[in-house]
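Have a look at the structure below, then the notes.
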Amino acid sequence: MKIIVLDGYTLNPGDLSWHSFEELGEITVYERTNPDQTIKRIGNAESILTNKTVIDRTIIEACPTLKYIGVLATGYNVIDIAAATEAGITVTNIPAYSTAAVAQFTIGLLLELCHQIGDHSRSVHQGDWTNSIDFSYRLHPLIELSGKTLGLIGFGRIGRAVAPIARALGMHVLVTTRT
């Protein structure tokens, strides 16, 4: 089986090995693939892995040997699912990919909003704290998260991961979903 990774860098910036895929067949890994390179790179492959490279109807129709598309992300938005289904191509994704990392990043952004960490870091590096007449140096008023209410719109994997972190910081959590 011929396996093509169209945009390996997005998943693996160099700290992972693609070696185990060699047990499944011949693998070729491209760091990134531009739209005009996609059809040629897929060629006669049976399987492709992609993260951000768009696989639309034109590409699917131009690659008749394609049997499997693995999306190295949580969604299917880069794949023409209708065209893949019509062509009998199996499409999968990784539903739990990066859930913890996105939840941590969400809380990190919340902390940045409350404490302006970037501004304070730049100011300290410029020597402003050292030159301050006050020991308790701050550029902006601090906002304590404890006791505040966080509203989550959606309660999928990421929302369910953010909620306990927010609660650990003493926050009240409200949730709304479409379901």
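Please work out which residue is nearest to the chain's Cα centre (by Cα), limiting yourself to segment 52-74 and to residues that are at pLDDT 95 or above and in a loop (DSSP other than H, G, I, E, B). Among residues in segment 52-74 that are at pLDDT 95 or above and in a loop (DSSP other than H, G, I, E, B), the one nearest to the chain's Cα centre (by Cα) is THR53. Quick check on segment 129-144. Is at least one of its residues exposed (fewer than 11 other Cβ atoms within 10 Å of the Cβ) and aromatic (Phe, Trp, Tyr)? Yes, that holds for at least one residue. Of the residues making up segment 34-46, just one is under 22 Å from the mean Cα position of the chain (by Cα) and surrounded by 13 or more Cβ atoms within 10 Å (Cβ to Cβ), namely THR38.
Residues in segment 1-33 that are charged (D, E, K, R), under 19 Å from the mean Cα position of the chain (by Cα) and either surrounded by 15 or more Cβ atoms within 10 Å (Cβ to Cβ) or modelled with pLDDT under 90 (or both): ASP7, ASP15. Taking the conditions (1) at pLDDT 95 or above; (2) out of contact with any strand residue (DSSP E or B) (no Cβ under 6 Å at 6 or more places or on another chain); (3) closer than 30 Å to ILE158 by Cα in turn, LEU113 satisfies each one other than (1). Kindly establish whether ILE48 is closer than 16 Å to LYS67 by Cα, assigned by TED's automatic domain parsing to the domain that holds GLY70, of a type in the set (A, V, I, L, M) and part of a helix (DSSP H, G or I). When the stated conditions are applied, ILE48 does not pass them. Restricting attention to segment 152-179 and to residues that are exposed (fewer than 13 other Cβ atoms within 10 Å of the Cβ) and among the basic types (Lys, Arg), the residue that is nearest to ALA103 (Cα to Cα) turns out to be ARG167. When each of TYR76, TYR97 is tested for being of a type in the set (Phe, Trp, Tyr), over 30 Å from SER146 (Cβ atoms) and surrounded by fewer than 16 Cβ atoms within 10 Å (Cβ to Cβ), the lone residue that passes is TYR76.
The values are calculated or read from the model by the stated rules, or taken from the named source; none is laboratory data. In this text the structure is predicted, and so the values were computed from the model without any measurement. Note: ideal-geometry Cβ built from the backbone for every residue, glycine included; neighbour counts use all protein chains shown.
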